[in-house]
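The values are calculated or read from the model by the stated rules, or taken from the named source; none is laboratory data. None of these values were measured; they are calculated from a predicted model. Neighbour counts are summed over all protein chains in view; Cβ atoms, including those assigned to glycine, are modelled from backbone coordinates with ideal geometry.
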Amino acid sequence: MDQPEQTPLDILTTRQRRFVEAYIDCGNATRAAKTAGYSEKTAYASGAENLRKPQIKAAINYLGEQLGMSAGEAFKQMADIAKTRLNDFLIIHKVLKTPTVRKPLQQLINELDAEMEFEEEFARLAGLAGKDLDAHKIEQKKRELQGIRYALELERNPSAYRDVPGEAVWVDEVTVDLVKLARAKAEGRIKSLSWTEHGPKIELYAADAALDKILQLHGRYKQVPGDAGGKPRAVYTLPDGTTLEF
């Protein structure tokens, strides 16, 4: 009868195995050492020492991969999250916009006079006649009456103005790439995606604590001294001596 395949957990002592299981659960070497039965006085030193033992590191990696993603998967996921920016889902393109501008009434009167002069010159050069000439005169009469209205209002209120359409300009407009957004949500690169009356509402990951913990469980960096429930630390040291800042 074939013997069951031995795992890294099988070669550990009972206390070491309890330490590995507790470390997988809490991610704190000192707390795991206490749970495994080490004394209060030696828990910190024992926990740190355990994390340096190859057989315990192998057991942590093994159990971590059995319970969740592998260290390589965690690294890739963390890298994807770190590189995800809101700009990834935005499309910038040029559109022609007509802005609203504020003009004093005197400026509008001057513009109407110039327009009437231009239209008179055009009618003369084009030799408008019949219905075309009649239509031209109707439009000119409208401009004349509008000029009179402006002049009357300006006489009563010298600071009068109108908000009118200005010259059309090309501007950058931003839209959301919904396909990229949905794909990123499916890949786990954004924290949440919901819809409001104004469009999509996106919440990105900041520093993802869950993936950070997975990397700790796999022993990819040494735990910084301190209580895991306290303030987060910014510097970690990999087993090869490389310093990581988060």
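Here is a check on your reading of the model: is ALA123 surrounded by 13 or more Cβ atoms within 10 Å (Cβ to Cβ), more than 53 Å from the chain's Cα centre (by Cα) and of a type in the set (Gly, Ala, Ser)?
yes
What about GLN77, is it under 30 Å from LYS185 (Cβ atoms), of a type in the set (S, T, N, Q) and modelled with pLDDT of 65 or more?
Answer is no for this residue.
Find the strands (runs of 3 or more DSSP E) located wholly in the range 89-198 whose residues include 3 or more that are among the hydroxyl-bearing types (Ser, Thr, Tyr), and list them.
So the answer is 192-196.
Of the residues in the range 27-60, how many are surrounded by fewer than 17 Cβ atoms within 10 Å (Cβ to Cβ) and either of a type in the set (D, E, K, R) or modelled with pLDDT under 85 (or both)?
Result for the range 27-60: 5.
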